[in-house]
Amino acid sequence: MSNSPSAKPQPDVAQLAPAKVRQFKFHYKFRVKDLQATGDAEQDLVRIWLPIPSTNEHQQIKRLPEIAPVAGVDFQEARYGNKLRYFQLPIPASGEISVDLLYEVVRREVRRQTMPDADKAIAEELRAQLLAADKLVPTSGKPLDLLKETKLAAEPLTLARQLYDVVDKHVVYKKEGMGWGRGDTNWVCDNGYGNCTDFHSLFISLARSQGLPAQFEIGFSIPTDKTAGPIPGYHCWAWFHAPERGWVPVDISEADKDPAMKDYYFGNLTADRVMFSAGRDLQLRPPPAQGPANFLIYPYIEVGGEPLPKEQVELQFSFEEK
């Protein structure tokens, strides 16, 4: 499906080769450094929250033994049900903390559905949550200015494709200066660039504003040109709900980077990824001193109740193909 005049017709992916599957081990590893003990037990308390990937219809997760200085505790985040791993310990004499969580992952390509599915109804409570604004994801104001020159369709899938095209036209994938990467829809409206978080925050704002429930997902991309190696950073995408089709994924930042795949990324997701958490304004447990988390993919760390500067966290994510 495409409402973009410049988009080239493409066959329905469901008619092509079988859906792809990737199997790999994923190391969620990091090192906290340069911690300075004060001798005050409260000020020297280190609290660490991590997202834990879960098995769902698109991926299977097997947790392997972890390496950590203390035993962690599992919690469930309150708003979206994300699994969390929590560590708490005093600043060690070395001033460093290393953690390595290892997973076996089987990830399946998500294919566009071709038939309506009456079983894909959405619960009213979830629908209301996924139509409401988040702190940095408004459903009114600046985002709606981008729709003034578009005659919006009533049919949900056509409408969603229009919004997808609006975002792709307005936002350029670029990481420069300050402000990008927070998923701040108003900032994206003003600046017109950003990373995957910024693309999909704008899409979610627009979708929700037009009555389409939409949800944010975040994890990591797995390189396609190698069988092992480091993972430089996170990747995110979004889903919207259409009554006649159920949940439909979009990956607009990848479409922006590879225009030949633009039609594919409306309704399909490659298998080259793993999802760790969903949603925004997350209510972590036990509650952090700083309140809800904008989103959770990297370790969130507080020392003495204050967020630890990112410069003191060395990320070492990697994968090994099976």
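With charges set only on the Cβ (+1 for Lys and Arg, -1 for Asp and Glu), what does the dipole of the range 112-278 come to about its Cα centre, in debye to the nearest 20?
In debye, rounded to 20, the range 112-278 gives about 160.
Comparing 55, 224, 139, which has the greatest mean-square fluctuation in the GNM of the chain with Cα pairs linked when under 10 Å apart? Top of the fluctuation ranking is 224. Taking 98, 205, 221 as the candidate residues, the one with maximal mean-square fluctuation in a Gaussian network model of the chain, Cα springs under 10 Å, is 98.
Highest GNM mean-square fluctuation among 136, 126, 284, for the chain modelled with Cα contacts below 10 Å: 126. Length gained on full extension, residue 94 to residue 132, computed as 0.36 nm times the residue gap minus the Cα-Cα distance: 9.1 nm. Dividing the mean sequence gap of close Cα pairs (under 8 Å, 6+ apart) by how many residues the chain holds gives a relative contact order of 27 percent.
If we sort 258-270, 161-173, 70-82 on the protection proxy, mean other Cβ atoms within 10 Å, highest first, what's the order?
In descending order of packing, they fall as 161-173, 258-270, 70-82.
Here percent of Cα pairs over 32 Å apart was calculated from the structure, and among (i) 41; (ii) 26; (iii) 30 it sits at label (iii). Please give the helix 156-170 orientation as an angle from the longest Cα principal axis of the chain, in degrees from 0 to 90, rounded to the nearest 10. Rounded to the nearest ten degrees, it is 70. Counting only alpha carbon atoms, the long axis of helix 196-209 and the longest principal axis of the chain meet at about 50°.
Selection among 171, 242, 266 by position relative to the dipole of the range 112-278 gives 171 as farthest towards the positive end (Cβ unit charges, Cα centre).
With a simple spin-label model that places each label point 7 Å from the Cα along the Cα-to-Cβ direction, the separation between residue 73 and residue 102 comes to 2.7 nm. The relative contact order of the range 112-278 comes to 25 percent, based on Cα pairs under 8 Å that sit 6 or more residues apart. Between residue 321 and residue 64, the simple label model (points 7 Å from Cα in the Cβ direction) yields a spacing of 1.7 nm. A simple spin-label model places pseudo-atoms 7 Å from Cα toward Cβ; at residue 261 and residue 306 they are separated by 4.2 nm.
Quick note: the coordinates plus some simple rules give every number you see, no bench work behind them. Predicted, not measured: the structure shown is a model, and the values here were computed from it. Glycine gets a Cβ as well: all are built from the backbone with ideal geometry, and neighbour counts include every protein chain shown.
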